[in-house]
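What follows draws every value from the coordinates through simple rules; no lab data is involved. Quick caveat: nothing in here was measured; it's all calculated off a predicted structure. Here Cβ is always computed from backbone atoms with ideal geometry, including for glycine, and neighbour counts include all displayed protein chains.
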Amino acid sequence: MGFPKDFLWGAASAANQYEGGFLSGGKGISVQDTMTGGDGIHNVPRSISVKYADGSTGSIDLKFGSEVPKGAVAYIDPNKYYPSHVATDFYGHWQEDIDLFAKLGLKSFRMSINWTRIFPNGDDAQPNEEGLEFYDRIFEKCNEAGIEPIVTLNHFDCPLHLASQYDGWANRRVVDYFLRYVETVLLRYKDKVRYWITFNEINFLRGYEMIGVTETESNPQKLQQAIYHILLASAKTVQMAHKINKHNKVGMMIAYLLSYPYTCNPDDILAEIAFSKDIKDFYLDVQCKGYYPTYKLKELEREGIKLIKESGDDQSLSEGTVDYIAFSYYNSNVISSKPVGEMTGGNQIGSIKNPYIEQSEWGWGIDPKGLRIALNLLWNKYNKPLMIVENGLGAKDKVEEDGSIHDDYRIDFLRKHIQEMEKAISEDGVNLIGYQVWSAVDVVSAGSGEMRKRYGLIYVDQDDQGHGTLERRCKDSFYWYKGVIETNGEKL
């Protein structure tokens, strides 16, 4: 049977990793703009410079679950390098890049709108017209090229003002500010964008760098309230989008961390179930079923956490379920009930090394068959259309003397995953509607802030310190993927 005729072959990006244009065109500062670069190979994390109430300053290393102390405010140190300020400069190269996407033959392009380009502080009385016009031009050019925009409304993007003055998503008022931003862009682009995603990797919204909330790990009540507000905002966004344009399709986006128990020991099975509930099932259940599952309610009860709700919230969650599930898939994980075995890397979360699969240059497990398993699990449980919106290989690419980039390793990675996608569709009956390679163009790594860890089909001349010409070059994977799209997945 193969892939459907209207399959959305595409590639992806994110504003904070790709767009650049820091403070250009009236843009404000986001929390992401305060994050320095890092070094994933040598385990040097990204950091945030902070100022304390007494006037002293410090630096907070950003690791999964790290937090900024109450009363501390992030700021930009002029002596440090911040990758998001230029990133790979889509802001200055958008016309050239979309022309390359058209040459590639993309059917779709996943991107995000930068909240602070529309409302610089988040609570502004009026939107920034120059920012709105910027995205107008992008969507119009995509439409002219026959490329379907798939737009993420929030890709790890909290205005710094909302983080420092309101404590981010822990404050219910931020829900209202977000919905005002959402309404602004949904109305503005209602005839130009059909596919929307509410929050990127909503299950990773745990630290200050993601949601602008201080004391996340040491204050479970505040963290869970912030997560509740985000889930509520997502549901209200779905309702609003359907009201504004009945043709809108709105999805949620999750980092799908497929996990295997280390052994058949019942304790390992229970450990894997607990991991899945905490890291992915809960977020999927709320947005696909419309209510908090009983296992989460029991967890909150045990921890003495009582969510503060307003009248109508439960109805909003119930009526704001998503139209499709969007997810990223990079690697699988192995879970044990006790510390055991060699550890390896992964998307935000490390894992016990799986001896049955290969490892990437950064130590992430390469598990194409795991993608087929993930597709089956998601489809069989939720019965909603699925879209893979991130899948790719981070690697160090070499530019040859003639300017070519031979990334056979990336082609091999993508080919094997696409083969498993086809099996899930034709043999298992999964309803998969699209596939977005991560990434269309080289972008700054979200986890480490590096450029050397490249994912793009298009190479950008930029190094880890922001030096380079920003010249674009098509890699071998660009031409290979062009053939895949032209043959609707038959030529691999």
| said: How much of the DSSP bridge set in the chain is antiparallel, in percent, rounded to the nearest 5? | reply: 35
| query | What dipole magnitude, in Debye to the nearest 20, does the range 413-492 give about its Cα centre under +1 on Lys/Arg Cβ and -1 on Asp/Glu Cβ? | reply | 120
| remark: For the chain, the charge dipole (Cβ of Lys, Arg +1; Cβ of Asp, Glu -1; about the Cα centre) points to a positive end, and the Cα of Ser311, Leu231, Ser218 closest to that extreme belongs to Ser311
| said: I'd like to know which of Asn383, Trp480, Gly394 lies farthest towards the positive end of the charge dipole of the range 376-492, counting +1 on Cβ of Lys and Arg and -1 on Cβ of Asp and Glu. | reply: Asn383
| request: Taking H placed 1.01 Å from N in the peptide plane, check which residues at least 5 places from Arg454 or on another chain put their amide H under 5 Å from its amide H. | output: Ala395, Lys396, Asp397
| said: Along the Cα→Cβ direction, 7 angstrom out, place labels at Tyr52 and Asp408. What is the inter-label distance in nm? | reply: 5.5
| Label points 7 Å out from Cα along the Cβ direction at Arg473 and Ser59: separation in nm? | 3.2
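Does the range 213-273 come out rounded, prolate or oblate by the C-alpha gyration tensor, with a ≥ b ≥ c the root eigenvalues, rounded set by a/c under 1.5 and, if not, prolate when a/b is larger than b/c and oblate if not? Numbers along the way, then the final one.
On the way: a/c = 4.15, a/b = 1.57, b/c = 2.64.
It comes out oblate by the Cα gyration axes.
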| query | If the viscosity is 1.002 mPa s and the temperature 20 °C, what translational diffusion coefficient in µm²/s does Stokes-Einstein give for the range 80-138 when Rh comes from Kirkwood over Cα pairs? | reply | 161
| said: On a straight-distance basis, which lysines could pair with Lys190 in a cross-link, Cα separation under 27 angstrom, same-chain partners fewer than 8 positions away excluded? | reply: Lys5, Lys27, Lys103, Lys107, Lys141, Lys236, Lys243, Lys246, Lys249, Lys289, Lys384
| remark: Ranked on Cβ counts within 10 Å of their own Cβ, fewest leading, Val182, Val399 go Val399, Val182
| task | Report ³J(HN,Hα) in whole Hz for each residue of the range 66-71, in order, from the Karplus equation J = 6.51 cos²θ - 1.76 cosθ + 1.60 where θ = phi - 60°; Gly and Pro get x. | result | 5, 9, 9, x, 4, x
| Radius of gyration and Dmax for the range 367-492's Cα atoms, expressed in Å? | 16.0, 51
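As an exercise, use a Förster radius of 22 Å and the Cβ-Cβ distance of Arg415 and Lys353 to find the FRET efficiency, rounded to the nearest 0.05.
0.40
Extension gain Asp176-Arg302, at 0.36 nm per residue separation less the Cα-Cα distance, in nm?
Working: separation 126, 0.36 × 126 = 45.36 nm, distance 3.01 nm.
Residue separation times 0.36 nm, minus the Cα-Cα distance, leaves 42.4 nm.
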| query | Between Asn488 and residues 5 or more places away or on another chain, which pairs have amide H atoms under 5 Å apart, with H built 1.01 Å from N, and which residues are they? | reply | none
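What value, in deg cm²/dmol to 500, does the helix sum -39500 (n - 2.57) over DSSP H runs of n ≥ 4 give at 222 nm once divided by the residues of the chain? Show your work: numbers first, answer last.
Details: 15 runs with 172 residues, N = 492.
For the chain, the value works out to -10500 deg cm²/dmol.
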| request: Taking amide H positions as placed in the peptide plane 1.01 Å from N, state which residues far from Asp407 in sequence (5 or more) or on other chains have amide H under 5 Å from it. | output: Asp476, Ser477
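Using the number of other C-beta atoms within 10 angstrom as an exposure proxy, rank Thr469, Thr36, Thr88 with the fewest first. It would help to have the intermediate numbers written out before the result.
Numbers: Thr469 8, Thr36 21, Thr88 29.
Neighbour counts put them in this order, fewest first: Thr469, Thr36, Thr88.
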| message | Quick check for me: using +1 on Lys/Arg Cβ and -1 on Asp/Glu Cβ, what's the dipole size of the range 286-397 about its Cα centre, in debye to the nearest 20? | response | 400
| request: List the residues of the range 11-49 whose backbone N lies under 11 Å from a point placed 7 Å from the Cα of Asp77 along the Cα-to-Cβ direction. | output: 36-37, 47-49
| said: Quick check for me: using +1 on Lys/Arg Cβ and -1 on Asp/Glu Cβ, what's the dipole size of the chain about its Cα centre, in debye to the nearest 20? | reply: 1120
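Could you tell me whether the chain comes out rounded, prolate or oblate from its Cα gyration tensor? Rule is a ≥ b ≥ c as square roots of the eigenvalues, rounded for a/c under 1.5, then prolate if a/b exceeds b/c, otherwise oblate. Mind dumping the intermediate values first?
Working: a/c = 1.21, a/b = 1.08, b/c = 1.12.
Rounded shape, in that the Cα axes give a/c under 1.5.
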